[in-house]
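Below: one structure, written as structure tokens.
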């Protein structure tokens, strides 16, 4: 991954408290896994920024290297990589996701 791509990814993470690298947009997800994570965040009424990796091949491949995680979507909360769809779904179901939002001071629907 080149420095420019790394900087773009880092800027998204630094400038958005909740950042979801996904296929498509929150309003028009392009894959079921991206839709699932986006919908969980919407249900919790979390303010998040969706980054459409399909618009830029370098970001699509670069985020996998950046986080050392092979799949998309990828969720970052306050600059911390949380995980992909399966992990987020499990955390959503067992209440861990709300705990992270509480610990990091992120507003959500309680």
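Any read-out appearing in this document is the output of simple, stated calculations on the displayed coordinates, not a laboratory observation. Bear in mind that the values here come from a model prediction, so they are computed numbers and not experimental data. Here Cβ is always computed from backbone atoms with ideal geometry, including for glycine, and neighbour counts include all displayed protein chains.
Remarks
- Scanning the stretch 15-36 for residues that are out of contact with any strand residue (DSSP E or B) (no Cβ under 6 Å at 6 or more places or on another chain) and more than 15 Å from residue 59 (Cβ to Cβ) gives 17, 27, 28, 29, 31, 32, 33, 36.
- Hits in the stretch 37-51 (condition: without any contact (Cβ under 8 Å) to a residue 40 or more places away in the chain and in contact with a strand residue (DSSP E or B) (Cβ under 6 Å, 6 or more places away or on another chain)): 38, 48, 49, 50, 51
- Taken over the stretch 19-33, the criterion of being under 25 Å from residue 4 (Cα atoms) and out of contact with any helix residue (DSSP H, G or I) (no Cβ under 7 Å at 6 or more places or on another chain) is satisfied by 25 alone.
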